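Data block below; observations after.
The values are calculated or read from the model by the stated rules, or taken from the named source; none is laboratory data. Worth saying up front: this structure is predicted, and the values here are computed from it rather than measured. Methodologically, a virtual Cβ is constructed for each residue, glycine included, from the backbone with ideal geometry; neighbour enumeration extends over all protein chains shown.
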Amino acid sequence: MPAEDPLAHRLDYALDAVGDDARDADPSDLFHRWLTDAADLPEPNAMVVSTVDAAGRPTSRTVLLRGVDDDGALWFFTNRTSRKGRALAENPRVSLLFPWYALQRQIIVLGEATPLDADRDDAYFASRPRGSQLSAWASDQSQPVASRAKLEAGMDAASARFPDDETVPRPPHWGGYRVVPTEIEFWQGRQSRLHDRIVFSRDGPDAPWRSFRRQP
């Protein structure tokens with residue numbers, strides 16, 4: 001029996017709805033409620049981070065949300081000399097996408113990313129598994145490498161540099177970013193593609209929020 005054509009696949013969205021009263025919510029509170037609703041999904045904190053470099057080239061990749069401040073700012077960590085780190089140095093504007101397919105929901109966050117302070121970087125790095133700490137030293141992230149063997153040799157070198165009885169320090173090129181939202185869109189799939197899209201927008205990080213319903 002021939003496999004179904006993946007391009008012809010259709011799903012009718014009917015799991016939930018978002019009423020107009022959602023516009024009265026605090027967007028940070030609504031974000032936390034939706035994140036909690038997704039807690040039983042695999043990697044509910046996975047988000048697609050999209051950047052645009054100085055040449056106008058967009059790039060997207062999946063990273064993990066690792067913190068949320070009381071003001072709704074979102075944190076993630078990476079190698080600051082990586083492709084995304086270089087793009088953020090050139091243009092701090094980012095888009096974050098949380099695609100919770102099983103809930104027929106997604107959240108899109110627009111904002112600017114600024115580096116976290118060293119204390120927060122150190123605290124989070126110390127909480128990482130030792131293998132992840134060593135790989136931060138072993139990998140020159142986003143740069144070409146001749147082979148998998150070459151990559152694993154770098155890991156062996158990092159392991160030799162920091163024996164098991166020694167604490168692995170945070171590399172100077174590794175750290176976090178804090179994204180302060182200026183727009184948050186809550187998307188809920190609905191029947192006949194008449195989806196719910198509730199948007200919160202503001203002119204800057206200290207400005208008041210405005211809310212509206214966006215047409216699907």
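How many residues does segment 188-204 contain that are under 23 Å from the mean Cα position of the chain (by Cα), without any contact (Cβ under 8 Å) to a residue 40 or more places away in the chain and assigned to a loop (DSSP other than H, G, I, E, B)?
3
Kindly indicate which of Val68, Val63, Val49 is buried (at least 18 other Cβ atoms within 10 Å of the Cβ), β-branched (Val, Ile, Thr) and either touching a strand residue (DSSP E or B) at 6+ places or on another chain (Cβ under 9 Å) or within 25 Å of Pro208 (Cα to Cα) (or both).
Working: Val68 fails: buried (at least 18 other Cβ atoms within 10 Å of the Cβ); Val63 fails: buried (at least 18 other Cβ atoms within 10 Å of the Cβ).
Just a single option satisfies the conditions, and that option is Val49.
State all residues of segment 1-25 that are under 20 Å from Ile107 (Cβ atoms) and either within 26 Å of the chain's Cα centre (by Cα) or outside any loop (DSSP other than H, G, I, E, B) (or both); if no residue qualifies, say none.
Leu11, Tyr13, Leu15, Asp16, Ala17, Val18, Asp20, Asp21, Ala22, Arg23, Asp24, Ala25
Keeping to segment 155-187, report how many residues are part of a helix (DSSP H, G or I) and either small (Gly, Ala, Ser) or touching a His at 6+ places or on another chain (Cβ under 9 Å) (or both). I'd like the intermediate steps shown before the answer.
In the first step, residues of segment 155-187 are kept if they are part of a helix (DSSP H, G or I); the result is 155-161.
With either small (Gly, Ala, Ser) or touching a His at 6+ places or on another chain (Cβ under 9 Å) (or both) added as a condition, the list becomes 157-160.
Adding up the residues that qualify gives 4.
Scan segment 35-46 for residues that are within 25 Å of Arg210 (Cα to Cα), of a type in the set (A, V, I, L, M, F, W, C) and over 15 Å from the mean Cα position of the chain (by Cα) and report the count.
Pass one, segment 35-46, residues within 25 Å of Arg210 (Cα to Cα): 35-37.
Add one more test, that the residue is of a type in the set (A, V, I, L, M, F, W, C), and what stays is 35.
In the following step, the residues that additionally are over 15 Å from the mean Cα position of the chain (by Cα) were identified as none.
Matching residues across segment 35-46 total 0.
For segment 73-130, how many residues meet the condition of being in a loop (DSSP other than H, G, I, E, B), crowded, with 17+ Cβ neighbours inside 10 Å and touching a strand residue (DSSP E or B) at 6+ places or on another chain (Cβ under 6 Å)?
Summing the residues that are in a loop (DSSP other than H, G, I, E, B), crowded, with 17+ Cβ neighbours inside 10 Å and touching a strand residue (DSSP E or B) at 6+ places or on another chain (Cβ under 6 Å) in segment 73-130 gives 3.
Take Pro27 and tell me if it is surrounded by 17 or more Cβ atoms within 10 Å (Cβ to Cβ), touching a strand residue (DSSP E or B) at 6+ places or on another chain (Cβ under 6 Å) and either among the aromatic types (Phe, Trp, Tyr) or farther than 25 Å from Gln143 by Cβ (or both). Give the steps one after another, and end with the answer.
Working: surrounded by 17 or more Cβ atoms within 10 Å (Cβ to Cβ): yes; touching a strand residue (DSSP E or B) at 6+ places or on another chain (Cβ under 6 Å): yes; either among the aromatic types (Phe, Trp, Tyr) or farther than 25 Å from Gln143 by Cβ (or both): yes.
Yes: the conditions hold for Pro27.
Across segment 157-185, which residue is farthest from Leu30 (Cα to Cα) among those that are surrounded by 12 or more Cβ atoms within 10 Å (Cβ to Cβ) and acidic (Asp, Glu)?
Applying the first criterion (surrounded by 12 or more Cβ atoms within 10 Å (Cβ to Cβ)) to segment 157-185 yields 157-159, 161-162, 168-171, 173-185.
If we keep only those that are acidic (Asp, Glu) as well, we get 183, 185.
Numbers: Glu183: 13, Glu185: 11 Å.
Applying the filter and picking the extreme gives Glu183.
When you go through Ala55, Ala87 one by one, which is the residue that is over 24 Å from Ser139 (Cα atoms) and among the small types (Gly, Ala, Ser)? Full working, then the answer.
Working: Ala87 fails: over 24 Å from Ser139 (Cα atoms).
Just one listed residue meets the conditions, Ala55.
If you go through segment 85-98 one residue at a time, do you hit one that is in contact with a His (Cβ under 9 Å, 6 or more places away or on another chain) and under 18 Å from Val179 (Cα atoms)? Don't jump to the end; show me each part of the working.
Filtering segment 85-98 for residues in contact with a His (Cβ under 9 Å, 6 or more places away or on another chain) gives 85.
Checking the rest, the ones that are also under 18 Å from Val179 (Cα atoms) come to 85.
Within segment 85-98, one or more residues are in contact with a His (Cβ under 9 Å, 6 or more places away or on another chain) and under 18 Å from Val179 (Cα atoms).
Restricting attention to segment 131-148, and to residues there that are in contact (Cβ under 8 Å) with a residue 24 or more places away in the chain and in a helix (DSSP H, G or I), which single residue is farthest from Thr78 (Cα to Cα)?
The initial filter retains those residues of segment 131-148 that are in contact (Cβ under 8 Å) with a residue 24 or more places away in the chain, namely 133-134, 136-137, 139-142.
This time we only want the ones that are in a helix (DSSP H, G or I), so: 133-134, 136-137.
Values: Gln133: 12, Leu134: 14, Ala136: 9, Trp137: 12 Å.
Checking each candidate, the answer is Leu134.
With the checklist (1) over 24 Å from His195 (Cβ atoms); (2) in a helix (DSSP H, G or I); (3) out of contact with any Asp or Glu (no Cβ under 9 Å at 6 or more places or on another chain) in hand, flag the one item Phe31 doesn't pass.
Condition not satisfied by Phe31: (1).
Considering only residues of segment 6-18 that are at pLDDT 90 or above and either surrounded by fewer than 11 Cβ atoms within 10 Å (Cβ to Cβ) or touching a strand residue (DSSP E or B) at 6+ places or on another chain (Cβ under 7 Å) (or both), which is farthest from Glu185 (Cα to Cα)?
Filtering first and then ranking leaves Asp16.
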